[in-house]
Amino acid sequence: MGTAFDQEWADDVCRLCDPVFESADVGFVRQIARDPGSGIISSLLWEADPVRFADRYPDSEVIASYGPDDWPPPCIDYWVYVDANERQAQLSVEGWSYRDEVIDLSGDGVRDGLAIGCAMARILRVPPPGLTAPK
């Protein structure tokens, strides 16, 4: 078992969250950022194809949020900002009028992945982790 919020933790979180994003079927791709000094995970980012996202979620008002002159952007971002010291994750998503959501983290990748995945599934209106049908 790795140290909390290390690559092993991120692998566990992503193993549970990736199927949630895949089930939205809007071309999400993932990136992981680390603190350069400690190597601790600082954020996880899933980026959606903006046109596919707008087609799948017309009620999200994502096009209006950018305005006609700036549409489409390069991507639609779904961020998980990890605060290892506070043991919290801040979820920040584009395309909805949701306020950022804060989730308490345990440092256990499976437990945290379930919590993050369930929150993202609720926002994207797809099945939560463990209930996502394999492709």
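The values are calculated or read from the model by the stated rules, or taken from the named source; none is laboratory data. If you're wondering where the values come from, they're calculated on a predicted model, not measured in any experiment. As a convention, Cβ positions derive from the backbone with ideal geometry for all residues, glycine included, and neighbour counts pool all protein chains shown.
A few remarks follow.
- Within segment 102-133, the residues that satisfy the criterion of being over 14 Å from the mean Cα position of the chain (by Cα), within 19 Å of residue 7 (Cβ to Cβ) and touching a residue at least 12 places away in the same chain (Cβ under 8 Å) are 105, 106, 107, 108, 109, 110.
- Scan of segment 25-39 for residues that are closer than 18 Å to residue 13 by Cα and either in a strand (DSSP E or B) or modelled with pLDDT under 95 (or both), ordered by number: 29, 30, 31, 32, 33, 34, 35, 39
- One residue stands out among those in segment 68-119 that are in a strand (DSSP E or B) and of a type in the set (S, T, N, Q): the one that is nearest to residue 40 (Cα to Cα), which is 88.
- In segment 17-46, of all residues being over 22 Å from residue 57 (Cα atoms), of a type in the set (A, V, I, L, M, F, W, C) and over 11 Å from the mean Cα position of the chain (by Cα), the one that is surrounded by the fewest Cβ atoms within 10 Å (Cβ to Cβ) corresponds to 33.
- Summed over segment 56-101, residues that are out of contact with any Phe, Trp or Tyr (no Cβ under 7 Å at 6 or more places or on another chain), farther than 17 Å from residue 33 by Cα and free of Cβ contacts under 8 Å to residues at least 12 places away in the same chain total 11.
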